[in-house]
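Peer 1: Below you'll find the structure I mean.
The values are calculated or read from the model by the stated rules, or taken from the named source; none is laboratory data. Just so it is clear, the structure is predicted and the values come from calculations on it, not from any experiment. Don't worry about glycine lacking a Cβ; one is built from the backbone with ideal geometry, like all the others, and counts go over all protein chains shown. Ligands, DNA and RNA are excluded from the accessible area calculation, which covers all protein heavy atoms including side chains. Shrake-Rupley method; radii C 1.70, N 1.55, O 1.52, S 1.80 Å.
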Amino acid sequence: MAVFLENNRGLLLAYDQGLEHGPTDFNERNVDPAFIMELAAAGRFNGVVFQKGLAEKYYDGRVPLVLKVNGKTNLVKGEPVSRQICSVDHASKIGAKAVGYTIYAGSAHESIMLEEFGRIQEEAHKLKMAAIAWIYPRGEAIKNDTAPEIIAYAARTGLEVGADAVKIKYTGDVESFKWAVRSAGKTRVFMSGGPKAPSEADFLKQVRGCLDAGAAGVAVGRNVWQSLDPLRMARVLRSLVIEDRSVEEALRA
Amino acid sequence: MAVFLENNRGLLLAYDQGLEHGPTDFNERNVDPAFIMELAAAGRFNGVVFQKGLAEKYYDGRVPLVLKVNGKTNLVKGEPVSRQICSVDHASKIGAKAVGYTIYAGSAHESIMLEEFGRIQEEAHKLKMAAIAWIYPRGEAIKNDTAPEIIAYAARTGLEVGADAVKIKYTGDVESFKWAVRSAGKTRVFMSGGPKAPSEADFLKQVRGCLDAGAAGVAVGRNVWQSLDPLRMARVLRSLVIEDRSVEEALRA
Amino acid sequence: MAVFLENNRGLLLAYDQGLEHGPTDFNERNVDPAFIMELAAAGRFNGVVFQKGLAEKYYDGRVPLVLKVNGKTNLVKGEPVSRQICSVDHASKIGAKAVGYTIYAGSAHESIMLEEFGRIQEEAHKLKMAAIAWIYPRGEAIKNDTAPEIIAYAARTGLEVGADAVKIKYTGDVESFKWAVRSAGKTRVFMSGGPKAPSEADFLKQVRGCLDAGAAGVAVGRNVWQSLDPLRMARVLRSLVIEDRSVEEALRA
Amino acid sequence: MAVFLENNRGLLLAYDQGLEHGPTDFNERNVDPAFIMELAAAGRFNGVVFQKGLAEKYYDGRVPLVLKVNGKTNLVKGEPVSRQICSVDHASKIGAKAVGYTIYAGSAHESIMLEEFGRIQEEAHKLKMAAIAWIYPRGEAIKNDTAPEIIAYAARTGLEVGADAVKIKYTGDVESFKWAVRSAGKTRVFMSGGPKAPSEADFLKQVRGCLDAGAAGVAVGRNVWQSLDPLRMARVLRSLVIEDRSVEEALRA
Amino acid sequence: MAVFLENNRGLLLAYDQGLEHGPTDFNERNVDPAFIMELAAAGRFNGVVFQKGLAEKYYDGRVPLVLKVNGKTNLVKGEPVSRQICSVDHASKIGAKAVGYTIYAGSAHESIMLEEFGRIQEEAHKLKMAAIAWIYPRGEAIKNDTAPEIIAYAARTGLEVGADAVKIKYTGDVESFKWAVRSAGKTRVFMSGGPKAPSEADFLKQVRGCLDAGAAGVAVGRNVWQSLDPLRMARVLRSLVIEDRSVEEALRA
């Protein structure tokens, strides 16, 4: 994970929404992966998250690459399942420094994803890549996917299955997120940026809350590239995450 | 993909309907794959699409081959799934320059096809073949499979999973198809010809619309080989697609 | 396929009913595979169809062997599926010149069988064996499994998936079966003999009809070995199929 | 199979009930596999049937070993399925001279077991081991699992799939069992001992009936080791099966 | 198993609850795997049970390692299934002396787990590691998962499938547990500690009962690390299990 960290913190630019949500998340500008690649470099992100198709055609090496190796569309109904669509070997050849994999804990198909991640984690480590688990409790059995005990369970699952880092949603308050971070032990915790927050300040407070709770950083997508000035947002986030400033200080950056 | 392009455009002759729909699509003449092979060559198509059985018995090398490596009959009810029936290695030995694979995005079995395409794409690239994804959103969850946001999602899925080209249906208007093409980024977009249009002019307007929206070309089957004069239709389409003429000019060709 | 043909026609003795239907199809005499092996040789059949258990214990090489490599009992309810139970390599070692595989087109499990046949066909060809597809549309979606368009679809499926020969049921009339044969292209068509016909003449007329429609031959089981004089029936069929005689001439043979 | 035969007959001691039924089948004495191993040797059985756990810890080589390579508990409801839990290679290393495998013909999962047995049979023969199929028609579709036509079908299935011997239940009368034996052809038929019979005489008559019908022997468990004097029962059975005596003679043995 | 035994008894510290139950089982102190590792060493346990993530990041070799190689969250509804998430080879490289695997006997997915354990057991033995089966009857078909006949069945299943040791729940009384131990034969029986007992004395009586019934030891988690003085509890358990003292003596230790 060291390659993704700066002052022991990491700011990742997430851009796997094209497969997970479709282009409805995009506008004329951010629909273009080249724009995102530029933004990742200019915004001095510590990593950029791509599916293999984007990495093969747009990745240029200026920022460490997290290759998302599974994925699904959101057109499918029923219990979620997301399988491997990029081999670890291929990820390595494209230049990835980490593989990312989503586990829908609680899904009726959970065991398929746990098993697949188990194999991928071992392959990644053999090739000196980190293994990052996106852990999203989902399925009929999950009533509230940001409930503190659910998020702490997600964080712990990341630790138990051998993830170097786990990407989880925010619980909404520092105290409960502290418990999630503690549950993750030596596995680093990244907050999942999620949908664009109502206001910039709201989002930054969430990020600050995660950091105060002990998170290593944030993997942010829509709250950066859907903002009117993505580069400024990147600068503010760097100030907050990497330089560990307050929301107020960061906004003045 | 270069082998399939001319003036950066491509006109592919699709003939995988024998498995997908059965011979009801055919007449006495076009039921014969030899007729299609002749048509592909005489019509100067940039590629011809066959299942392995046809390629093994009828393909003669005059036109680049796209080997369709998965398929299903339309006799099966329920959520669609189509699995690999030709190995990439075999496709290469038959002389294919690309493999084609259908993904039914939105199907309950989507994850099986995404996973299989992921592996096939890597194998194809290792053997210097292109990987073309037919992406057809289908299944209980899909109400309208040519809705602009659905087609844009299909196009984007092609890009995300690493397809060199994506074959999708037309949305019906240039503006919305532009968004699909933009969503596909560096993945080339081919319009799926679909069932025979009510009139030749209708079909040609669709093709022109796709091209105006930025598509690389069209993969056409029934609208050519079901026409009364397939060779003339091929000539008209070449004029439209490869020489970039208007519908009116093309019809005079 | 050449090894199974004589005058470009083939007469195969089918004996895979032991697994597919159970011994209710048999009497004291024909329950014995040794009797069938004798009959195949004495009746000068162009091939004999066995499951591996029979081939291992009774096959003696006097007649080319088609090894049926998948199978199921008829005790199972629900959508049919039949998986591989003999490896292609083993079939070759036993002395088979072809592998046979049943695909239940239209079954909810169709994709499993298409995929398996795809792999088996490639393996068989590598070992210089032919691949023969039994294509039987079946399952909830199939109302009438001898409807002309269904049989033509079955025939075409055999061609598309790369079968050297396809075994299908008779449609009931020459004209519609011609279309099935035409749909199969260069894939040779064998009529499936089916249950014992009400009269010998009825059965022979069916066979004659298939041949007139362009079929390469017939794979017959019950109509031979359930007849009172199987050897005579074999002689009649040879006359009809291989010597291309009329029903009347054949009956005089 | 020769290693399991004496006078062309075989008497196998079955002891796979621990997994299939649980210890409710056992008493303080026969719960101990060491007791069974002693009994197998002292009773001069022609083979003993163990799961791998028992074979690894208790088998001592005095009697040829049939290693049962699949199994299930009877706690599971629904259509039965039993998968491989011991590799053929491992069975060979433990010293087995045959592998045993249960196929629940008629189960919705039948195809899984037929496929698995198909592979196991080939592996076993390569390692010079016999392949014995336990064929038990079961599942929603099976109304009476000892009906003559069902048992004959089970026997024939063993032949078709290449089993060296098949273990089936008794039909209840000699005539119908003769048909089952005839249906099995060169595959040797062993009667499955089944639950302890109401009286010793009842059981011995069943065994005699099977032998009179042409069976090669019996695989007996509960009727031996649940009897008050297992060794005497073994002696009686040897007399009946191997020395081909009448029930009355055997009882005097 | 010898490495885990002392006076032929074993006291294992179980800590796989993070994945199986989530952090709700933990407090601020025991949520930290480092605390558990210390406790394992200071408490002189004969083994510690970790998932691979914990072993990779916290295991230091002071106590023999049992690596749990499958797992699931308790968020999933329906018939339980738990698949392999750590390869046996990887477990060995991390330093494990045994692999642990949970089989939900009676689950509709039982056959998947029996099959997987079968393969894992063979791999583990090849690498000189023990194979320990957690056997928990569960699923719609199981009304009472500590009923004596159910626990005896679980114990026997461990023996049949080749486990070196089996971890099962207590039946509640010595007599019935004796039958379970006897059913397990040469497979060593460990009581599963289960949820924190109402009182320390209650728990110790259970452990004493298991030992009196012939168990080799206990795999205890919550009753140690949820206790107010885990180290004292460890000392008491050692006295009870390893030194074979009475509850009263042990409590004075």
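Peer 1: Go through region A:224-253 residue by residue and tally those that are small (Gly, Ala, Ser) and crowded, with 21+ Cβ neighbours inside 10 Å.
Peer 2: Result for region A:224-253: 1.
Peer 1: Please find, within region E:154-209, the residue that is nearest to the chain's Cα centre (by Cα) out of those that are facing chain D (nearest Cβ under 10 Å), more than 27 Å from residue E:25 (Cα to Cα) and hydrophobic (A, V, I, L, M, F, W, C).
Peer 2: E:163
Peer 1: For the condition open to solvent by less than 20 Å² (accessible area, probe 1.4 Å), out of contact with any helix residue (DSSP H, G or I) (no Cβ under 9 Å at 6 or more places or on another chain) and either of a type in the set (Lys, Arg) or more than 7 Å from chain C (Cβ to nearest Cβ) (or both), what is the one hit in D:113, D:129?
Peer 2: Going through D:113, D:129 in turn, the sole match is D:113.
Peer 1: Of all residues in region C:132-156, which are outside any loop (DSSP other than H, G, I, E, B) and more than 19 Å from residue B:72 (Cβ to Cβ)?
Peer 2: Hits for region C:132-156 are C:132, C:148.
Peer 1: Of the residues A:78, A:61, A:95, which single one is open to solvent by 10 Å² or more (accessible area, probe 1.4 Å), on the phi > 0 side of the Ramachandran plot and within 14 Å of chain B (Cβ to nearest Cβ)?
Peer 2: Matching residue, one of A:78, A:61, A:95: A:78.
Peer 1: Pick out the one residue from E:241, E:220 that is of a type in the set (A, V, I, L, M), within 23 Å of residue E:32 (Cβ to Cβ) and in contact (Cβ under 8 Å) with a residue 40 or more places away in the chain.
Peer 2: Exactly one of E:241, E:220 is of a type in the set (A, V, I, L, M), within 23 Å of residue E:32 (Cβ to Cβ) and in contact (Cβ under 8 Å) with a residue 40 or more places away in the chain, namely E:220.
Peer 1: So for region D:197-207 (the condition being at pLDDT below 95, on the phi > 0 side of the Ramachandran plot and outside any strand (DSSP E or B)), does at least one residue qualify?
Peer 2: no
Peer 1: Please enumerate the residues belonging to region B:26-84 that are assigned to a loop (DSSP other than H, G, I, E, B) and either aromatic (Phe, Trp, Tyr) or in contact with a strand residue (DSSP E or B) (Cβ under 6 Å, 6 or more places away or on another chain) (or both).
Peer 2: Matches in region B:26-84: B:26, B:45, B:46, B:59, B:63, B:64, B:69, B:82.
Peer 1: Might you let me know whether region A:164-184 holds any residue that is more than 24 Å from residue E:16 (Cα to Cα), open to solvent by less than 10 Å² (accessible area, probe 1.4 Å) and without any contact (Cβ under 8 Å) to a residue 60 or more places away in the chain?
Peer 2: Within region A:164-184, not a single residue is more than 24 Å from residue E:16 (Cα to Cα), open to solvent by less than 10 Å² (accessible area, probe 1.4 Å) and without any contact (Cβ under 8 Å) to a residue 60 or more places away in the chain.
Peer 1: In region C:98-110, which residues are assigned to a strand (DSSP E or B) and either within 14 Å of chain B (Cβ to nearest Cβ) or open to solvent by 10 Å² or more (accessible area, probe 1.4 Å) (or both)?
Peer 2: C:101, C:103
Peer 1: Can you find even one residue in region D:72-79 that is polar (S, T, N, Q) and within 18 Å of the chain's Cα centre (by Cα)?
Peer 2: Checking region D:72-79: at least one residue is polar (S, T, N, Q) and within 18 Å of the chain's Cα centre (by Cα).
Peer 1: Determine which single condition residue B:108 fails, assuming it passes every other condition in (1) closer than 27 Å to residue B:150 by Cα; (2) without any contact (Cβ under 8 Å) to a residue 12 or more places away in the chain.
Peer 2: (2)
Peer 1: Return the residues of region A:43-56 that are among the small types (Gly, Ala, Ser) and more than 9 Å from chain B (Cβ to nearest Cβ); say none if nothing qualifies.
Peer 2: Matches in region A:43-56: A:43, A:47.
Peer 1: Are there any pairs with C-beta distances below 6 angstrom linking a residue in region B:127-146 that is at pLDDT below 95 to a residue that is among the charged types (D, E, K, R) and not in a strand (DSSP E or B), with the two at least 6 apart or on different chains, and if so which?
Peer 2: Once the first residue is at pLDDT below 95 and sits in region B:127-146, its partners that are among the charged types (D, E, K, R) and not in a strand (DSSP E or B) give B:139/B:79; B:141/A:77.
Peer 1: Which of the residues spanning region E:132-153 are charged (D, E, K, R) and within 17 Å of the chain's Cα centre (by Cα)?
Peer 2: Result: E:138, E:145.
Peer 1: I would also like to ask the following. Answer with yes or no whether residue B:105 is over 16 Å from residue A:76 (Cα atoms) and not hydroxyl-bearing (Ser, Thr, Tyr).
Peer 2: Against the criterion (over 16 Å from residue A:76 (Cα atoms) and not hydroxyl-bearing (Ser, Thr, Tyr)), residue B:105 does not qualify.
Peer 1: Filter region A:132-145 down to the residues that are within 10 Å of another protein chain (Cβ to nearest Cβ) and under 18 Å from residue A:3 (Cβ atoms) and list them by number.
Peer 2: Correct list: A:133 only.
Peer 1: Another question about this same structure. In region D:12-42, which residue that is under 19 Å from residue D:236 (Cβ atoms) and surrounded by 24 or more Cβ atoms within 10 Å (Cβ to Cβ) is farthest from the other protein chains (Cβ to nearest Cβ)?
Peer 2: If we take residues in region D:12-42 being under 19 Å from residue D:236 (Cβ atoms) and surrounded by 24 or more Cβ atoms within 10 Å (Cβ to Cβ), then D:12 is farthest from the other protein chains (Cβ to nearest Cβ).
Peer 1: Pairs please, first residue from region A:52-78 and farther than 26 Å from residue B:110 by Cα and basic (Lys, Arg), second anywhere and modelled with pLDDT of 95 or more and open to solvent by less than 50 Å² (accessible area, probe 1.4 Å), Cβ atoms under 8 Å, 6+ apart in sequence or on different chains.
Peer 2: A:62/A:37; A:62/A:40; A:62/A:41
Peer 1: Sort out which residues of region C:68-82 are of a type outside the set (Asp, Glu), more than 17 Å from residue C:132 (Cβ to Cβ) and at pLDDT 95 or above, and write them in order of number.
Peer 2: C:72, C:73, C:74, C:75, C:76, C:80, C:81 - these are the residues of region C:68-82 that are of a type outside the set (Asp, Glu), more than 17 Å from residue C:132 (Cβ to Cβ) and at pLDDT 95 or above.
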